[in-house]
Amino acid sequence: MLFRALKKEDLKRLYDLLAGSNMIVAPVQKGQDGNRAPIYAFEEVSGFGEIHLDYTSTKIPAKRFFMPFRETMADFRMDGKDWGKRVGFNIDRPFVFFGMHACDINALNKLDKVLLGSHYPMPYYAAKRNNMFIVGIDCRPQPYCFCRSMGSDTALHGFDLFLTDLGDHYFVEVLSDTAFNIIRQITTREPAESDHALYMKMVSDKNKQFTLQVNTTDLTKILDMEFQSDVWKQWGEKCFSCGTCANVCPTCYCYGVDESVEMDLSRARKTKFLYACNLIDFAEVAGGHNFRPESHTRLKYRYYHKHRGFVEAYEESLCVGCGRCGESCLAGITVPEVIASVRGEDI
Ligand code: SF4
Ligand code: SF4
């Protein structure tokens, strides 16, 4: 990895270079909530001035750009006597995430393990992932963040450039060849010892700002022991089975496939759509049997997938601790509270 120092006034030059032939997706402000706090979202931008690099967190993660809620997998047309099939990966130009936090970069790294690294890689995801350039940006811990507990508060890979705000300039981590070739077209300098010291002080100050923790020690073992615990029923009674938590989660990737045929049999379409394990029919199979008819069994499944099954498969949790699910849950169900209750601890 290379390190450079970039004056803040030269950041627009980086944007202009990247915007030349790419779609730029960046955090923008979309309004205010009831407490007059800004609401941010990842959107396609057309100018550097639209970007809010000082954003807190986006309500919806960036996944809608590489794992859309609904996506056509294949189109079929009756061509004479035969069906003609067209498969597209639904990407028309490369895109750049300009200002992604470490937790969301780590979410992509986790998705890569499943969607690129498994026996059956997902070509629709791979096409977008392979045409993606990521500029990371450091963040300020929010009261709902517990990424530090999940080891996702810093990103060591999965980005091209990473910017850390050091006052009048950025400390820049250059990870990929593409990033190196871009950064050499911009005026930067070798970081001085004083920049290193400033960077380490900034990291140390940031670490003191985390207020929320999740105790993950022996968590897989404890989940195994507490599989029949009544706490799951208590949380299940609160849960509305609305699926919002999966919708806003940067690492939830479960999906269903829908096939539809025109009445005159001239066309057909296969569509992939994201689904949520809390929804009532998630585990319903042909014939109508539902393997998880109660809300607590579905909620429990979500936690066991994130914090038990994924750890067994990949030696890391499928949760990055972004806190989005707890912030969006109308029932007030948060990961730190659920985990603490399973452990018999107070939060
Ligand atoms: S945990 Fe909350 S957000 Fe998730 S399904 Fe239940 S009520 Fe909805
Ligand atoms: S489970 Fe919740 S806290 Fe964890 S990554 Fe998903 S949205 Fe973020």
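The values are calculated or read from the model by the stated rules, or taken from the named source; none is laboratory data. None of these values were measured; they are calculated from a predicted model. Methodologically, a virtual Cβ is constructed for each residue, glycine included, from the backbone with ideal geometry; neighbour enumeration extends over all protein chains shown.
A few points about this structure:
- Test result for Phe273, of a type outside the set (Asp, Glu) and buried (at least 16 other Cβ atoms within 10 Å of the Cβ): no
- Taken together, the residues in segment 302-312 that are away from ligand 2 (no atom under 12 Å from the Cβ) and touching a residue at least 12 places away in the same chain (Cβ under 8 Å) amount to 4.
- For the residues Asp258, Asp281, Asp346, the requirement of being away from ligand 2 (no atom under 14 Å from the Cβ) and closer than 30 Å to Asp79 by Cα singles out Asp258.
- In segment 204-232, residue nearest to Phe310 (Cα to Cα) [restricted to those that are among the charged types (D, E, K, R) and surrounded by 15 or more Cβ atoms within 10 Å (Cβ to Cβ)]: Glu226
- Exactly one residue among Ser317, Ser295 is within 16 Å of ligand 2 (Cβ to nearest atom) and surrounded by 19 or more Cβ atoms within 10 Å (Cβ to Cβ), and that residue is Ser317.
- Screening segment 274-299 for residues that are free of Cβ contacts under 8 Å to residues at least 40 places away in the same chain and part of a strand (DSSP E or B) and picking the one that is farthest from Phe227 (Cα to Cα) gives Glu284.
- Some residue of segment 245-254 being surrounded by fewer than 17 Cβ atoms within 10 Å (Cβ to Cβ), within 16 Å of ligand 2 (Cβ to nearest atom) and at negative phi: yes
- So Cys329, is it touching a residue at least 12 places away in the same chain (Cβ under 8 Å), away from ligand 2 (no atom under 12 Å from the Cβ) and within 18 Å of the chain's Cα centre (by Cα): no
- For Glu337, the conditions (1) more than 16 Å from ligand 1 (Cβ to nearest atom); (2) free of Cβ contacts under 8 Å to residues at least 12 places away in the same chain; (3) not hydroxyl-bearing (Ser, Thr, Tyr) are fulfilled apart from (1).
- Residue in segment 102-118 that is surrounded by 15 or more Cβ atoms within 10 Å (Cβ to Cβ), in contact with a helix residue (DSSP H, G or I) (Cβ under 6 Å, 6 or more places away or on another chain), part of a strand (DSSP E or B) and not polar (S, T, N, Q) present: no
- A single member of Ser194, Ser152 is within 30 Å of Ser317 (Cα to Cα), among the polar types (S, T, N, Q) and not assigned by TED's automatic domain parsing to the domain that holds Thr334, and it is Ser152.
- Applying the criterion of being of a type outside the set (Phe, Trp, Tyr) and under 21 Å from Leu318 (Cα atoms) to the residues of segment 155-191, the residue that is surrounded by the fewest Cβ atoms within 10 Å (Cβ to Cβ) is His157.
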